[in-house]
Every structure is written in C-alpha cells, then in structure tokens.
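See below for the structure under consideration.
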Amino acid sequence: MAASATPAGKPRQPSISQLRAFVAVAEQLHFRDAAAAIGMSQPALSGAVAALEETLGVQLLERTTRKVLLSPAGERLAVRARTVLEAVGELLEEAEAARAPFTGVLRLGVIPTVAPYLLPTVLRLVHERYPRLDLQVYEEQTASLLDGLAHGRLDLLLLAVPLGAPGVVEMPLFDEDFVLVTPRDHWLGGRDDIPREALKELDLLLLDEGHCLRDQALDICREAGRAEGTPVTTSAAGLSTLVQLVAGGLGVTLLPRTALRVETGRNDHLATGDFADPAPARRIALAMRAGAARTEEFEALAEALREALRPLPVRVAGRSASGGSASGRSA
C-alpha cells in the first residue's frame, strides 16, 4: 500500500483524530468499544482508521469477522502514535498555562541602583499575589538590560527612565528625590534647603562609567551650573562603597531617597541634606517591548507595584504608559 500524496506531490499528514481512532482500536482491539471510549461513532472511527492507513501507505489492522488484530506494522506504529498524542496533550496543557496570567517564567532585569532597595517589595508582592509566577531576576546595567529586552533574553525591566529607546514601552511607577550625602561634620550636612548651586564646587563622588545614576548626577550638576570638565575626585562600582568613601571624608555624593536608609543607616559618620524645592529627582518605571504578548499582564503588575510601593519615600505615578521615543539621557 503506497502512501497518498497531495496534488503538489508532498506526503499527506495524518490528522490527530485519525491517530486517536487508531490508538483507541489498538488498545481495545474492538471497533465498537474503541468508538465508545473516545466518543466517536463506529462508522466514523472505522473510516478514520482506514484513512490513516491510506495516508501512511501501511496496513495497520487485520480485520476478521470476530476480532481485530494489529499487524506487525500496526504494533510498531501504535507506540509512535501514542507518543504523538501524549506530546499534543502536553502542548495543549502548556498553551492553557500560557493563557493563564501570572504563571510560568518572568525574566525581570533590574539596574544595580534599584535592585537592593525595591526588590524586597517586588519579591513580597510576587510571593503573596502571584505564587504561580516563576520570577527570575537579573541585575545588570541599563545598556545590557535593553539589549536583553530587544533580543528576548529578558521580558520586563525595572529601571530609571526616560530611556529614549525605540520599541520600548515605559510604565512609570514613581518619582523619588535625590539627597546629598556628606561627612557628618560637613557644612551642608543636615540642611533641608540646599540650593542646587551648591553642587558647583563640591568634591563630588560618583559611580563608575555605565551606571545611569552617574549620568543623572552629572546632569543635575550641569543644570546647577557646574562647569563641564570639573573633576570628579573618585568613583566606585556600587553605592555601598560610594557612601563609605563619603564617610571617610573624600567628598560628597547624591543618593536616591529609596537607597538612603540602607546605605547610610549603618554608618554614623554620615550626614544627609535635602535640596530646596524643586529637588532633583529620578523616575523609576517598568519597561517592556512594544506589542509584548503579555502586555495586559505587565500593566496589571505595574499597577499592583504602584500600590505596594506607596509606603516608600516616593511619589507614586498615575496609571500610564509611554513609548520609547521620548528624548532625554538614557537611564
């Protein structure tokens, strides 16, 4: 028996219903019982098995007036058919899981100047509200995160905006002020009305190149009238090192307010001061690919995060999203 072909000359593919009918007969060795087992009429089942034999070009069954037997080829192909049906079942289960919101893997990228201070809130929210969500966290600098988002390595980002990145949708979470961190005996320590112009001549300590917080601090200094090229005395790889350098008297630095308690609370050689209104600030947002398949899910997560973040010293943003065409320094 030769396998049938389409008019274009390509072999025809067996249908799922044909495979189900054949497997049922292989298990029951009786057409009536097989038809009842899968809820198909006996003539339809018999026709499906005959069509499968024609499609494959192989006799699968030996039919007699009293019983049905598997041919040698039928015994071999019944095993394969069961495997195919099991795989199809797994595919359908996976698709059902994918349709359910907040299930499966979510790969979240976070910048280092956000991760230590916001992740406790993020992880608690996910644990309590979305227990079936497999959250995987990657801490990287902004350029690496955007590359991961563009190439599908990451699903969602938590970082400072605006990004100015095409094809990226930003979902603002909150705004937070910057605070000046100084040695304890510094003349600006403890003040709540520091003018931005005070940054013109200070010995400023910054994070290393590549950190968005370094760029933001330099932007604030330029807005305050600090001359281009005014030297930055020292840089550090992380905020913890940065504040220890301040405590040692090497200069001053700027910290986002969410980092203040963690980074300054363990050293009594530090002082902090607030800028006069309007204080310099940064905006933190979730970011996703434009047209992401999980857009509704990510928007719901952003709204839940806004509520969860209200106890922090931030100004929670309204529910909105913006594309990545905005101008401004990449965060």
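Quick test for you: out of Leu56, Leu52, pick the one residue that is touching a Phe, Trp or Tyr at 6+ places or on another chain (Cβ under 6 Å), buried (at least 19 other Cβ atoms within 10 Å of the Cβ), not acidic (Asp, Glu) and not assigned by TED's automatic domain parsing to the domain that holds Arg257.
None of the others qualify; the one that does is Leu52.
Here's the yes/no breakdown for (1) at pLDDT 95 or above; (2) in a helix (DSSP H, G or I); (3) at positive phi:
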| position | (1), (2), (3) |
| --- | --- |
| Gly249 | no, no, yes |
| Leu260 | no, yes, no |
| Glu263 | no, yes, no |
| Asp268 | no, no, no |
| Asp277 | no, no, no |
| Arg282 | yes, no, no |
| Met288 | yes, no, no |
| Gly291 | no, no, yes |
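Could you please find all residues in region 185-208 being farther than 21 Å from His269 by Cβ and crowded, with 17+ Cβ neighbours inside 10 Å?
Arg196, Leu199
Here is a list: Thr121, Thr142. Which entry is surrounded by 21 or more Cβ atoms within 10 Å (Cβ to Cβ), touching a helix residue (DSSP H, G or I) at 6+ places or on another chain (Cβ under 6 Å) and not aliphatic (A, V, I, L, M)?
Thr142 is the lone residue from the list that is surrounded by 21 or more Cβ atoms within 10 Å (Cβ to Cβ), touching a helix residue (DSSP H, G or I) at 6+ places or on another chain (Cβ under 6 Å) and not aliphatic (A, V, I, L, M).
Anything in region 191-241 that is on the phi > 0 side of the Ramachandran plot and free of Cβ contacts under 8 Å to residues at least 40 places away in the same chain? List them, or say none.
Gly225, Gly229 - these are the residues of region 191-241 that are on the phi > 0 side of the Ramachandran plot and free of Cβ contacts under 8 Å to residues at least 40 places away in the same chain.
Can you tell me which residue in region 293-309 is farthest from Ser144 (Cα to Cα), limited to those that are outside any helix (DSSP H, G or I) and of a type in the set (A, V, I, L, M, F, W, C)?
Leu309
For region 36-59, name all the residues that are within 21 Å of Glu75 (Cβ to Cβ) and of a type in the set (Gly, Ala, Ser).
Within region 36-59, Ala37, Ser46, Ala48, Ala50, Ala51, Gly57 qualify.
Among the residues of region 259-301, which ones are among the acidic types (Asp, Glu) and touching a helix residue (DSSP H, G or I) at 6+ places or on another chain (Cβ under 8 Å)?
If the condition is that a residue be among the acidic types (Asp, Glu) and touching a helix residue (DSSP H, G or I) at 6+ places or on another chain (Cβ under 8 Å), then Glu263 is the only one that fits.
With assigned to a strand (DSSP E or B) and either in contact with a His (Cβ under 6 Å, 6 or more places away or on another chain) or not aliphatic (A, V, I, L, M) (or both) as the only criterion, which of Asp147, Asp175, Asp185 stands out?
Asp175 is the lone residue from the list that is assigned to a strand (DSSP E or B) and either in contact with a His (Cβ under 6 Å, 6 or more places away or on another chain) or not aliphatic (A, V, I, L, M) (or both).
For region 240-256, give me the residue count where each residue is out of contact with any His (no Cβ under 9 Å at 6 or more places or on another chain) and either outside the structural domain of Leu312 (by TED's automatic domain parsing) or crowded, with 20+ Cβ neighbours inside 10 Å (or both).
So the count comes out to 7.
Regarding region 262-272, can at least one residue be identified that is within 21 Å of Leu123 (Cα to Cα) and under 35 Å from the mean Cα position of the chain (by Cα)?
So far as region 262-272 goes, yes, one or more of its residues are within 21 Å of Leu123 (Cα to Cα) and under 35 Å from the mean Cα position of the chain (by Cα).
The values are calculated or read from the model by the stated rules, or taken from the named source; none is laboratory data. The structure presented is a predicted model; accordingly, all values stated were derived computationally and were not measured. Note that we place each Cβ from the backbone using ideal geometry, even for glycine, and neighbour counts take in every protein chain shown.
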